[in-house]
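Worksheet for the structure shown next.
The values are calculated or read from the model by the stated rules, or taken from the named source; none is laboratory data. The structure displayed is predicted, hence computed values, not measured ones. Counting neighbours? That spans all protein chains shown, and the Cβs are built from the backbone with ideal geometry, glycine included. Only protein heavy atoms, including side chains, enter the accessible area calculation; ligands, DNA and RNA are left aside. Shrake-Rupley method; radii C 1.70, N 1.55, O 1.52, S 1.80 Å.
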Amino acid sequence: MDAKGVVKDFVGQLKRYSGIPIWVVDRARVIRDPQGKTLYYDGSLVDITEQKRMEEQLRLSEERYRDLFENANDGIYILDRTGRILSLNRKAEELTGYKLGEIRGRSYTLLVPPGPECQKARRAFLKNMRGEPDKNELTITRKDGRQLILELSTRPIWQNGQIVGIQGIGRDITERKELEKLKSGFVSTVSHELRTTLTSIKGYVDLVLAGDTGPLTPEQKEFLTIVSQNTSRLTALINDLLEIERLESGRIEFEFTELNLEEVLQNVARSLQVNAEQKGLEFVTEIASGLKVRGDRDRLTQVFLNLVSNAIKYTPAGTVELKAYREDDTVVVAVRDTGIGLSESDMRKLFQKFFRSDNPYVRKAGGTGLGLSIAKAIVERHNGTITVTSQLGQGSTFTVRLPALARPERPLVLVIEDEVAIARLIATYIEKMGYRAVMAYLARDGFDQAVRLKPDLITLDVLMPDLDGFALIQQLKKHPVTVNIPVIFLSIVQDKQQGLHLGASAFLTKPIDERKFYETVRALL
């Protein structure tokens, strides 16, 4: 019987008959007789050219990645899932002042000053660990104690469906932030001086126009009126310039609250209805109800006043439409007009500061060219977008999209009732009212569900097989999770006073009066 030797693989290159080189693996077996003497070699050649090509590509890709990583213009770092530093590229070492060997295995918090910056970094880290990327500005402290401001983008690193670490890319924007601070101070100072001067000029011109210094000739009155109008335009321009500068530098505080956008838009429509009517325009509104967003009321009002007033201003005849509706998780507001429209080149520049179309109608209507820039900045601060579609001579549509607040979950009612048919009847009543219902057929099960689900209301039978309702409500009113949940007794037992004394909000008798049940539940919810 033949004995087989160990398989040995030899990798090398051969040339085909055509002269084309290929990579092969030679798998040879030593065949021996029963006494161990070598009889012959049994070999086979396998073409592994494609495998070698892929290995070479992988090696080159890894080298390119390593080269990009090491020589990138931005600092790149990698953390493990506990926040310890695993890797820094050369730029990151330059930014932090640390060599990788000095900092490997230490927490990223080493680089972040305590206080708000550390809290910001912690929030970004937790966001990444939830699988979400993050982008913000973060101040770090170098090894030498000097502080830098980085524009930082971070993202989770996934492996086999799990987050194993975080990659961050940082760019030094310290110098840029200093320049922005200087620019902000300069703009504020100059604007203040200009507004003071213009206020004085306009005040005195208006006094002269009012006749306080004596009668004016028609020509004097005409010239002074032009001076007054242009002074007002300059003041508006300075105010808009200050506004856009403060928005871009983040110096405007937004008061974000839960907001009914329907109400904001209806107010905008009412305030501009007269303007449209004075131009003979048809003003159409189609605003859905329940448009809840998180936003700053005054700033969003400013945005939509600007869009609708622009639509009216640049529509010589026809229609202006304000439409708002919900689309999945977004509130959409569209302002459409049948006005002069925009060319392709104008649309590309529309949201740039000071942009004014060459259209004679636009020049005649006036404006600072900053309104849409301000609107865009406000919308983006609300995590929204503003876009435009238009056709020259046929009108424009400006569309604002804002994140909608999640629809509130329907109130939950826990029905504790041992009779299955009656429990289902009560649940049906509750669901007909637009609420949700869950059922428990034992008192102890009802107690457990009340603690776990924290319902908005409980209906409770008195006569239960394991524990009567009066004993159960005492347990509910002692537990910190359920103490404030209103309870309605539904029972054939006529003991209203005891039920109310134990903390029930209402006591209804069976058979259930449907109308009275509805009134009681609605009053409590």
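Details
- A simple packing score, the average count of other Cβ atoms within 10 Å per residue, orders the peptides 167-175, 189-197, 281-289 as 167-175, 281-289, 189-197, with the highest score first.
- Take the Cα of Thr38, step 7 Å toward its Cβ, do the same at Ile201, and the gap between the two points is 10.5 nm.
- Entry note, the chain: relative contact order of 6 percent, from Cα contacts under 8 Å with a spacing of 6+ residues.
- Stretch gain in nm, segment Thr509-Glu219, where the contour uses 0.36 nm per residue and the Cα spacing is subtracted: 95.5 nm
- Per-bin percent of Cα-Cα distances, the stretch 218-283 [5 Å]: 3, 12, 9, 9, 14, 21, 15, 9, 4, 2, 1
- Accessible carbon and sulfur surface of the chain relative to its total accessible area, %, 1.4 Å: 52
- Average accessible area per residue (Å²) across the chain - probe 1.4 Å, nucleic acids and ligands excluded: 59
- Over 16 Å [Cα-Cα, the stretch 131-190], rounded percent: 61
- The smallest convex shape that holds all Cα atoms of the stretch 374-440, its convex hull, gives 133 Å³ per residue.
- Note that the stretch 216-348 carries a Kirkwood radius of 17.5 Å, evaluated over its alpha carbons pair by pair.
- Residues of type lysines that Lys496 reaches as a straight line, Cα spacing below 22 Å, ignoring anything fewer than 8 places off in the same chain: Lys477, Lys478, Lys510, Lys516
- Each other residue within a Cβ distance under 13 Å of Ile163 adds +1 if Lys or Arg and -1 if Asp or Glu, for a net charge of +2.
- With one equal scatterer per alpha carbon and no solvent term, the Debye-computed log10 I(q)/I(0) for the stretch 431-509 at 0.17, 0.21, 0.25 1/Å reads -0.61, -0.94, -1.31.
- Taking a straight line from the alpha carbon of Lys37, these aspartates and glutamates sit under 16 Å away, with near neighbours fewer than eight places off in the same chain left out: Asp2.
- Two-site label geometry, Ser107 and Asp466: point separation in nm, points 7 Å out along Cα→Cβ: 4.6
- FRET efficiency, 1/(1 + (r/R0)^6) with R0 45 Å, evaluated for Val11 and Asn260 via beta carbons: 0.05
- Residue-normalised convex hull volume from the C-alpha trace of the stretch 362-494: 196 Å³ per residue.
- When both the stretch 120-192 and the stretch 197-272 are represented by their alpha-carbon centers, they are found 38 Å apart.
- Where the alpha-carbon atoms of the chain are placed on the principal axes, they occupy 134, 85, 54 Å, in descending order.
- Cα-based reach from Lys292 at 27 Å (exclusive), listing lysines while leaving out same-chain residues under 8 positions away: Lys127, Lys135, Lys323, Lys376, Lys432, Lys454
- Among residues other than Pro133 with Cβ under 12 Å from its Cβ, the summed charge is +2 (Lys and Arg +1, Asp and Glu -1).
- Global form of the stretch 83-197, assessed from the alpha-carbon gyration tensor, a/c cut-off 1.5: prolate
- Among 30-38, 504-512, the peptide with the highest mean count of other Cβ atoms within 10 Å heads the list, and the full ranking is 504-512, 30-38.
- The distance between label points at Glu419 and Asp328 comes to 4.9 nm (points 7 Å beyond Cα on the Cα→Cβ vector).
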